[in-house]
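See below for the structure under consideration.
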Amino acid sequence: MAFFEMTDQSGAVRPCYAEVQRWVDEVGIEGLNARLKEAETIFRRIGITFAVYGEGGDPERLIPFDLLPRVFSAAEWRTLDRGIRQRARALNAFLYDVYHRGEIIRAGIVPGELVYRNSAFLPEMIGFDPPGRVYSHIVGIDIIRTGEGGFQVLEDNCRTPSGVSYMLENREIMQRMFPELFGASRVAPVDSYPNDLLATLKEVAPASAGSDPTVVVLTPGSFNSAYYEHSFLADLMGVELVEPMDLYVDDDTVWMKTTHGPKRVDVIYRRIDDDFIDPLAFRPDSMLGVAGLFGAYRAGGVTLCSAPGAGIADDKAIYLFVPEMIRFYLSEAPILENVPTWRCALPDECAYVLDHLDELVAKEVHGSGGYGMLIGPKATRAEVDAYAQRIRANPADFIAQPTLNLSTVPVLGHHEIVGRHVDFRPYCLVGKQMRLTPGGLTRVALTEGSLVVNSSQGGGVKDTWVLDE
């Protein structure tokens with residue numbers, strides 16, 4: 001049976017959820033459902049949507065929102081805080097290493113072929129030192145829970161982890177609708193995130209920048225599934241949201257076109273994939289890039305956040321070695337452990353996976369968003385057989401993990417409080433200093449029994465509380 005985070009083994013409400021339980025008792029299920037409709041109206045009016053293309057119909061969808069917050073105690077957060085920061089430090093150390101001497105590969109800890117033959121590895125970055133030696137400036141660590149004290153990392157996101165806009169908007173709506181609930185609880189604020197992000201971006205400006213670096217958010221445009229978040233973060237930081245056509249490069253300097261003439265750009269928080277950022281350096285057919293941008297970056301004329309090539313650190317095959325990275329680079333024991341994982345690239349492990357595929361969760365090494373995966377216990381025999389054929393054809397493209405009994409949290413049902421599976425994505429900012437907002441994005445599988453929390457596949461979101469001491 002899954003660990004229900006609201007109660008202990010005896011069924012008593014855990015202290016961190018006491019105020020939430022009191023609120024539920026006071027307002028009642030019917031009253032909470034009425035308030036949920038009000039919240040959905042606010043979401044719709046503000047325009048908090050995500051886009052899913054290729055399925056027909058209106059691609060713009062309202063993300064499902066649940067009123068009942070997920071709560072972490074101060075002690076739980078201390079453990080998470082230390083573990084997340086540790087992991088972000090190790091991942092950035094790994095990125096510096098593999099683009100320089102490759103000591104972890106020379107030591108026989110990480111197989112060289114997993115790095116140098118990986119499509120996320122950019123040879124163009126070899127020997128280049130980004131400002132502060134920071135490659136991944138926003139690290140999103142996906143964390144799951146299997147028991148009262150059992151936190152584990154499911155995967156790392158070192159490129160452009162999305163979803164932080166939902167963290168901020170969830171809190172804004174909850175505070176607007178239920179100020180009395182926050183008045184009775186000691187909930188750590190999350191509204192410092194935009195200022196923290198801006199400070200982080202300015203900290204990694206190139207040496208050629210002035211005392212007040214110009215920061216922009218680079219979006220591929222309004223058809224991108226995360227466009228709302230791009231515009232939202234630019235607005236909160238008070239910086240320009242730009243598309244590729246708004247920028248140009250001259251003499252290894254990036255300029256933004258404005259009504260007052262060209263303005264130099266020092267830092268670009270880019271939400272465009274590596275392959276498309278510069279048609280002169282990467283894909284020549286890219287309509288989303290800025291010609292000469294990568295050259296300007298290499299010359300020290302601008303900082304790109306996160307660095308091109310940072311994606312090698314969040315590849316699912318590399319994920320297996322993060323605990324060893326922590327030991328190797330930091331000389332520390334991992335605070336947050338990985339989920340047990342089998343590499344199908346290894347014949348013995350592949351044989352085990354194929355023999356037990358109907359019991360496991362199998363994933364594409366380069367997959368994301370919940371796509372390209374198989375949840376064995378939920379799949380039909382035909383689906384398992386078809387996936388097995390894919391693994392046999394290209395074993396190195398897959399990993400597998402046990403079907404974990406993810407913790408559940410309280411979700412508002414029509415007639416009662418129900419438990420649904422969740423994961424958690426905090427956002428760690430890395431510049432000259434490291435900043436971690438006390439909270440993050442809780443994604444919830446709203447379908448009973450489902451383990452898939454992604455919004456594109458029916459998942460929802462909820463506010464995440466971290467209680468102060």
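The values are calculated or read from the model by the stated rules, or taken from the named source; none is laboratory data. These figures come from a predicted structure and were not determined experimentally. Note that we place each Cβ from the backbone using ideal geometry, even for glycine, and neighbour counts take in every protein chain shown. For accessibility, only protein heavy atoms count, side chains too; no ligands or nucleic acids. Shrake-Rupley method; radii C 1.70, N 1.55, O 1.52, S 1.80 Å.
What to note about this one:
- Criterion (over 29 Å from GLY300 (Cβ atoms) and charged (D, E, K, R)) met by exactly one of GLU155, GLU124: GLU155
- Any chance ALA396 is modelled with pLDDT under 95, surrounded by fewer than 18 Cβ atoms within 10 Å (Cβ to Cβ) and either under 24 Å from ASN157 (Cα atoms) or among the aromatic types (Phe, Trp, Tyr) (or both): yes
- Among the residues listed as GLY127, GLY147, the single one being out of contact with any Lys or Arg (no Cβ under 9 Å at 6 or more places or on another chain), within 23 Å of PRO340 (Cα to Cα) and in a loop (DSSP other than H, G, I, E, B): GLY147
- Unmet requirement for LYS37, which otherwise passes all of (1) surrounded by fewer than 16 Cβ atoms within 10 Å (Cβ to Cβ); (2) modelled with pLDDT of 90 or more: (2)
- Residues in segment 112-128 that are exposed (fewer than 14 other Cβ atoms within 10 Å of the Cβ) and touching a residue at least 24 places away in the same chain (Cβ under 8 Å): SER119, ILE126, GLY127.
- Answer residue from segment 406-430, given it is in contact with a Ser or Thr (Cβ under 8 Å, 6 or more places away or on another chain) and over 20 Å from LEU80 (Cα atoms) and is surrounded by the most Cβ atoms within 10 Å (Cβ to Cβ) among those: ARG420
- In summary, strands (runs of 3 or more DSSP E) completely within segment 357-436 and bearing 3 or more residues that are within 30 Å of ASP273 (Cβ to Cβ) occur at 360-364, 373-375, 398-402, 417-425, 427-430, 434-436.
- Looking across segment 233-243, the residues that are touching a helix residue (DSSP H, G or I) at 6+ places or on another chain (Cβ under 9 Å) and open to solvent by less than 80 Å² (accessible area, probe 1.4 Å) come down to LEU233, LEU236, MET237, GLY238, VAL239, LEU241, VAL242.
- Scanning segment 204-221 turns up one or more residues that are free of Cβ contacts under 8 Å to residues at least 12 places away in the same chain and assigned to a loop (DSSP other than H, G, I, E, B).
- For first residues located in segment 268-293 and in contact (Cβ under 8 Å) with a residue 12 or more places away in the chain and part of a loop (DSSP other than H, G, I, E, B), partners that are of a type in the set (S, T, N, Q) and open to solvent by 20 Å² or more (accessible area, probe 1.4 Å) and lie 6+ apart or on another chain with Cβ distances below 8 Å form the pairs ARG271/THR160; ARG271/ASN224.
- Considered as a group, the residues in segment 346-369 that are surrounded by 18 or more Cβ atoms within 10 Å (Cβ to Cβ) and in contact with a strand residue (DSSP E or B) (Cβ under 8 Å, 6 or more places away or on another chain) include one that is farthest from GLY309 (Cα to Cα), and that residue is LEU357.
- Within segment 132-150, being under 18 Å from the mean Cα position of the chain (by Cα) and within 29 Å of ALA307 (Cα to Cα) holds for VAL134, TYR135, SER136, HIS137, ILE138, VAL139, GLY140, ILE141, ASP142, ILE143, ILE144.
- Some residue of segment 20-42 being assigned to a loop (DSSP other than H, G, I, E, B), within 29 Å of ALA74 (Cα to Cα) and under 29 Å from the mean Cα position of the chain (by Cα): no
- Test: residue in segment 248-270 that is basic (Lys, Arg) and open to solvent by less than 60 Å² (accessible area, probe 1.4 Å): yes
- Within the span defined as segment 308-321, every residue fails to be more than 20 Å from VAL115 (Cβ to Cβ), assigned to a loop (DSSP other than H, G, I, E, B) and among the small types (Gly, Ala, Ser).
- For segment 207-232, the candidate set comprises residues that are of a type in the set (Phe, Trp, Tyr) and surrounded by fewer than 20 Cβ atoms within 10 Å (Cβ to Cβ); within that set, the residue that is nearest to ASP129 (Cα to Cα) is TYR227.
- When segment 79-109 is filtered for residues that are under 20 Å from PRO323 (Cβ atoms), open to solvent by 10 Å² or more (accessible area, probe 1.4 Å) and either at pLDDT below 95 or not acidic (Asp, Glu) (or both), the ones remaining, listed by number, are THR79, ARG82, ARG85, ARG89, ASN92, ALA93, TYR96, ILE105, ARG106, ALA107, GLY108, ILE109.
- Positions within segment 340-372 being among the aliphatic types (A, V, I, L, M), in contact with a helix residue (DSSP H, G or I) (Cβ under 9 Å, 6 or more places away or on another chain) and either farther than 25 Å from ARG89 by Cβ or at pLDDT 95 or above (or both), in sequence order: ALA345, LEU346, VAL353, LEU354, LEU357, LEU360, VAL361, ALA362
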